């Protein structure tokens, strides 16, 4: 009787093990698909809300234009001592989170018109199609689908290229000697030119997951920790090679230009001046 039970039990155990294994694989696969779906949905929404850099210029104040945000400094940690119901306790709060908007003392200013609005206006057309009468000027390739952007005849095309450094000998660029930065002029007519979708600062090649920033911490009071290696992989890729390197700038200069005095006191004493971040551009991608 025991032998018969054992004979029946062994295949049953094998079957149960197989079912558990398959269930685990299914959960893994579906979990990845759901995460990847959410990741792609986020990217699509971000694309629709983003804008080409229209009417681009370097300014001391953007006034009625929008300033490019290259990075957001995570802020500083402050310990607050509280007393409540005869009980003392400490609370950790984060203060002074700051958008990094200045490079070498200047703002990168542009007029914001979202991809979604351009699409609704009929300004985005298939490659080789004819621009509508109202927006008759073709500015060239806008995204990975090789769709093209149309604007009014009296308007300037949005930004194609920008960087830190000297491009003054190239007739395609406007170079600002004071700020050591440059961008393309209206004569820019390079082959396969594509409109810029994003400008960022990052220590090295950016992560494929755009929420994962590569940045350095200089003091324990900083809210952001040092993170210099991408963790999340999408189809085996952790770094996004679609970004193009366009120069670099020191943390010291960035923090002097963008942080208030209280925050500068925290970080500047710990920076030797040689630590740099990359300035990178990316076109519109899905």
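Bear in mind that the values in this text are calculations on the coordinates, not laboratory data. Computed from a predicted structure; not experimentally measured. Quick reminder, even Gly has a Cβ in these numbers, built from the backbone with ideal geometry, and neighbours come from all protein chains shown.
Points to keep in mind about this one:
- Most to least packed among 112-122, 157-167 [average Cβ atoms within 10 Å]: 157-167, 112-122
- Cα gyration tensor shape of the range 45-177, rounded if a/c is under 1.5, else prolate or oblate by comparing a/b with b/c: prolate
- Cα gyration tensor shape for the range 167-257, rounded if a/c is under 1.5, else prolate or oblate: oblate
- Packing, taken as the mean count of other beta carbons within 10 Å per residue, orders the peptides 262-270, 183-191, 87-95, 143-151 from highest to lowest as 143-151, 262-270, 183-191, 87-95.
- Cα gyration tensor, the range 67-136 - rounded (a/c under 1.5), prolate or oblate: prolate
- Stokes-Einstein diffusion coefficient of the range 183-233, Kirkwood radius over Cα pairs, 10 °C, 1.306 mPa s, in µm²/s: 114
- Highest mean packing comes first when the peptides 69-77, 233-241 are listed by Cβ atoms within 10 Å, giving 69-77, 233-241.
- 80, 68 arranged by Cβ crowding within 10 Å, fewest neighbours leading: 80, 68
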